[in-house]
Amino acid sequence: MMAAVTALTLEDITAARHALGQRIVTSPVHEWEGPALSERVGPGTRVFLKLELFQRSGSFKARAALLNMLRLTPAKRLRGVTAISAGNHAIAVAYAARELGVHARLVMIKTANPFRVEQCRKFGGEIEFAADAHAGFARAAEIERQEGRTLIHPFEGVVTATGTATLGLELCQQVTALDAVIVPIGGGGLCAGVASAVKLLQPRCVVFGVEPEGADSMHRSFAAGEPCSIERVATIADSLGAPYALPITFELCRRNVDELVRVSDDELRQAMRLMQRECKLAVEPAGAAAMAALLGPLRGKLAGRRVALIVCGSNMDTATYAALIGQ
């Protein structure tokens, strides 16, 4: 039996946003308008893009990484931190570590985008590589045990969810009377926090989680009623390629997410192309996941509604980006 998971409170989320201060930007919201919108999602649909790709470190991950590190004792900060990531979380941990004067030893997947590796190093992170996500998690746990470092988990934990909930807090303050919010899901840390905040501030708003078809651990977990793993990650959205769900994140998503949908890699590419052409945004596949869901499985359901999409990040080199949208 899983341990009880305490719900996030508005007081906790507000206090977290205050603690993050100016180390985190209040990312802007852009309302997408124009004939291309009406053609694709129906007339009367209003679409608001929460542009977290403009966050420090290039993704939403900076919020939770920094909040987790702010909660460490001075002794733990002195021993340093470690993390496992395909890229965005590693960049965020390196950024937070630099801000707080902490040493970060990071495990990255060997297929990580070169731009992400470069960004980690620019923020001062020390990097080693693992063959895949499963090996990476094992190596990070080993570093934690051997060196006494604190593992900053990429998606699990109440503090992590509280950090990502600050994004939901901002969104609900920036756009009122939302009918729906669409949130990408990898391990679920982003969705756990955003969904919790939305249900506290705009309880009538429906929260949709979106996963790639090739990395659907949360779908499997919802179906099983408990956290589940997947055999392998097979999607271009490597930022959403968590190999399993974990108890805290799973439970917060289960309570606050109304529906899960899946999108294909082709749908992700189509959304990336549309966002570049119509919104002038060059996003990584994960950053286009919410748009792909709106254009695909949620199009009919959300026609004529006020919908917010979480554009969660964009850390990708131009050659890889061009190759993906050209396929």
Checklist line | Candidates Ala242, Ala282, Ala319, Ala215, filtered to the one that is in a loop (DSSP other than H, G, I, E, B) and surrounded by fewer than 18 Cβ atoms within 10 Å (Cβ to Cβ) | finding: Ala282
Next item on the list: Scan (1) part of a helix (DSSP H, G or I); (2) free of Cβ contacts under 8 Å to residues at least 60 places away in the same chain for the single condition Leu169 breaks and write down its number.
Entry: (2)
Check: Among the candidates Thr235, Thr176, Thr164, Thr160, which residue alone is assigned to a loop (DSSP other than H, G, I, E, B), of a type in the set (Ser, Thr, Tyr) and touching a residue at least 40 places away in the same chain (Cβ under 8 Å)?
Finding: Thr235
Notebook entry, point to check: Checking Arg262 against (1) of a type outside the set (S, T, N, Q); (2) modelled with pLDDT of 95 or more; (3) out of contact with any Asp or Glu (no Cβ under 6 Å at 6 or more places or on another chain), which single condition isn't satisfied?
Noted result: (3)
Next item on the list: Tell me which residues, restricted to the stretch 56-73, are assigned to a loop (DSSP other than H, G, I, E, B) and either crowded, with 24+ Cβ neighbours inside 10 Å or acidic (Asp, Glu) (or both).
Entry: Phe60
Next item on the list: Report yes if Val47 is buried (at least 22 other Cβ atoms within 10 Å of the Cβ) and farther than 26 Å from Thr249 by Cα, otherwise no.
Entry: yes
Check: Restricted to the stretch 294-309, and to residues that are over 13 Å from Val206 (Cα atoms) and in contact with a Gly (Cβ under 9 Å, 6 or more places away or on another chain), which residue is surrounded by the fewest Cβ atoms within 10 Å (Cβ to Cβ)?
Finding: Gly300
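From the list Arg98, Arg105, Arg116, which one is surrounded by 17 or more Cβ atoms within 10 Å (Cβ to Cβ), of a type outside the set (A, V, I, L, M) and in a helix (DSSP H, G or I)? Give the derivation first.
Working: Arg98 fails: surrounded by 17 or more Cβ atoms within 10 Å (Cβ to Cβ); Arg105 fails: in a helix (DSSP H, G or I).
Every option except Arg116 fails the conditions.
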Item checked: Matching residues in the stretch 179-207 - criterion: being in a helix (DSSP H, G or I) and either of a type outside the set (Ser, Thr, Tyr) or over 26 Å from Glu226 (Cα atoms) (or both) -> Gly189, Leu190, Cys191, Ala192, Gly193, Val194, Ala195, Ala197, Val198, Lys199, Leu200, Leu201
Next item on the list: Return yes when Leu294 is part of a helix (DSSP H, G or I), within 15 Å of Arg40 (Cβ to Cβ), more than 18 Å from the chain's Cα centre (by Cα) and hydrophobic (A, V, I, L, M, F, W, C) and no when it is not.
Entry: no
Check: Across the stretch 1-22, what is the total count of residues that are surrounded by fewer than 16 Cβ atoms within 10 Å (Cβ to Cβ) and either more than 20 Å from Val198 (Cβ to Cβ) or at pLDDT 95 or above (or both)?
Finding: 13
Next item on the list: Residue by residue through the stretch 74-90, note down the ones that are assigned to a helix (DSSP H, G or I) and among the small types (Gly, Ala, Ser).
Entry: Ala75, Ala90
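Just one of Arg71, Arg23, Arg98, Arg79 is in contact with a Lys or Arg (Cβ under 8 Å, 6 or more places away or on another chain) and outside the structural domain of Gly189 (by TED's automatic domain parsing); which is it?
Details: Arg71 fails: in contact with a Lys or Arg (Cβ under 8 Å, 6 or more places away or on another chain); Arg23 fails: outside the structural domain of Gly189 (by TED's automatic domain parsing); Arg98 fails: in contact with a Lys or Arg (Cβ under 8 Å, 6 or more places away or on another chain).
When all the criteria are applied, what remains is Arg79.
The values are calculated or read from the model by the stated rules, or taken from the named source; none is laboratory data. Remember, it's a predicted structure, so these values are computed and weren't measured experimentally. No Cβ is skipped: glycine too gets one built from the backbone with ideal geometry, and neighbour counts run over all protein chains shown.
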